[in-house]
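The values are calculated or read from the model by the stated rules, or taken from the named source; none is laboratory data. Remember, it's a predicted structure, so these values are computed and weren't measured experimentally. No Cβ is skipped: glycine too gets one built from the backbone with ideal geometry, and neighbour counts run over all protein chains shown.
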Amino acid sequence: MSQSKMATLAKDTAIYGISSIAGRFLNYLLVPLHTRFINPASGGYGIVTEMYAWAALLFVLLTFGMETTFFRFAGKEGENEQMVYSTALRLVGSVALFFIALVLLFLDPISGFLGYPDHKEYVVCFAIIAGLDAFQAILFSRLRQQHRPIKFMTLKMAFIIPNVLLNVFVFWLMPKMFGFMPALETIYIKYNYGVGLIFIVNLICTFCVTFGFIKELKGISYGFDGKLARRMLAYAWPILLLGLVGILNQVFDKIAFKHIVADKTYGEVQLGIYGACCKIAMLLALLTQAFRYAYEPFVFGGSKDKDSAETLAQGMKFFIIFGILAFLGVMFYMPIFRYLVTNHDYWVGLKVVPIVMLAELFMGIYFNLSFWYKLIDKTWWGAVMSGIGAAVMICINWIFVPRYGYMACAWGGFAGYGTCMLLSYFIGQKKSPINYPLKDIFKYVLLAALLYVVYWFCKDLPMWISLIINTALIGIYLGYLFRKDLPLYSLPVIGKYFKKRQFNL
């Protein structure tokens, strides 16, 4: 990969990363807020976990692979980029509107099936949220395709900041106003002691962000090409299957948990504990998301370049390097990160964090490996491999959750993504081989494993001593990285200082 290309990828990843990290950080402020005011015994956080799992599944269904399809067709020679964009926008928008209408038409049976016949507002909110999110996904993809990360970041923050502030109002300020505004207390109780208001706030903020896309919405007037739409749908349907089974790997445990265990009320309580602790593990997802936002349009835009295989190989290497760093950082500083979950009654579930984080790392590697079949238009391979991984995950959940609870959920995700990762690597090396730097990657894995062993033996020491030791362990990993693959003089800003002094670790 040329230095200019790496610099472009690094810059875009940094900006997307800032928006993702800042956004997730602000969203993580909701975790201590919710876990403080929603008692785990009430099962309220289990409802939040389940409904957002449904939202993630619906997002995949309603975008039906059109994000990746848009990048693929917009980057093809001979295609009208504006027509591709307009066609994708109309397809997703039409499906979203149809879905919302369908849910409203069958609201009663759907609410009953989900177990919320007395809270139909949950279903209404998430139907509209899912439809708007799917439509906005194409608008955000347009920004990525045009390499406009600043506006991307601005609009993401335009949702996140008001969402956090309104949640603070609902759970912290609103109860203080009950004494002189009894109507607020009535609303609070009506919507399940604030749980339902989380969803209403989300809907309001999602709707408002749409107004930030005025310029991009004008693109819908570029027209609709029926023949192009059929070709795009033919490319997209395997990606839909891929995305569907992929998201099932992430959310099946949260959707099915209370239906698998014998006691549904107990299931909601346990699901709330599992969901809260998984929020800590999701810190690793920040890197995957930021990397994907920058990497996908970057790869598809340069897929005809002679060094695209080298780009994929180096991209994989650095993703794993920084993925491992994120894993070590979260685990080594767990005595601090655990306070994201305010109520100590949730801490019993912290043992799932390393397992879920490794599953997230496998998922990120699988995403990087997925380009071999996307670039040769054989996306059905992804559907097959993800289907096998999902089957592994579902079987583990179905068999072991009744006995081992949410620990089986964590191991199910680990096994499911691990299966997808291994299948994609070995099949990809036969179909479209890429010379990944496995020896270099293995050295980082081995170093991380040794550091983790030291951490494990020291984790029961007094907190301040273990944090000092763990900081030194992180320093060893960074020292190896700076010496081996990322010399300090190559870094932006501070690199000038080291280069000037001819100092290189």
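For segment 27-41, how many residues meet the condition of being over 15 Å from the mean Cα position of the chain (by Cα) and either in a helix (DSSP H, G or I) or modelled with pLDDT of 85 or more (or both)?
Summing the residues that are over 15 Å from the mean Cα position of the chain (by Cα) and either in a helix (DSSP H, G or I) or modelled with pLDDT of 85 or more (or both) in segment 27-41 gives 10.
Only one of G112, G44, G75 is touching an Asp or Glu at 6+ places or on another chain (Cβ under 9 Å), at pLDDT below 90 and within 30 Å of V269 (Cα to Cα). Can you tell me which?
Step by step, each of G112, G44, G75 is checked, and only G44 is touching an Asp or Glu at 6+ places or on another chain (Cβ under 9 Å), at pLDDT below 90 and within 30 Å of V269 (Cα to Cα).
Just the residues that are touching a Leu at 6+ places or on another chain (Cβ under 8 Å), surrounded by fewer than 16 Cβ atoms within 10 Å (Cβ to Cβ) and either among the small types (G, A, S) or touching a residue at least 40 places away in the same chain (Cβ under 8 Å) (or both), please, taken from segment 442-488.
Hits for segment 442-488 are L478, G479.
Conditions (1) under 26 Å from A359 (Cα atoms); (2) of a type outside the set (D, E, K, R); (3) over 26 Å from the mean Cα position of the chain (by Cα); (4) not in a helix (DSSP H, G or I), marked per residue:
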position	(1), (2), (3), (4)
F199	no, yes, no, no
N202	no, yes, no, no
K218	no, no, yes, no
M232	no, yes, no, no
F252	yes, yes, no, no
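Given the structure, is L217 aliphatic (A, V, I, L, M) and free of Cβ contacts under 8 Å to residues at least 40 places away in the same chain?
No, not satisfied.
Assess whether L478 counts as being in a loop (DSSP other than H, G, I, E, B) and either touching a Gly at 6+ places or on another chain (Cβ under 8 Å) or under 14 Å from F332 (Cβ atoms) (or both).
Here the answer is no, as L478 does not meet what is asked.
Can you go through G412, G428 and tell me which one is buried (at least 23 other Cβ atoms within 10 Å of the Cβ), at pLDDT 85 or above and assigned to a helix (DSSP H, G or I)?
Criteria check complete, one pass: G412.
For segment 305-344: of the residues being over 14 Å from L481 (Cα atoms) and charged (D, E, K, R), which is surrounded by the fewest Cβ atoms within 10 Å (Cβ to Cβ)?
Ranking the candidates gives K306 first.
Could you pull out every one of the helices (runs of 4 or more DSSP H) wholly within segment 60-157 that has 1 or more residues that are under 24 Å from T49 (Cα atoms)?
Ranges flagged: 81-105, 107-114, 120-145.
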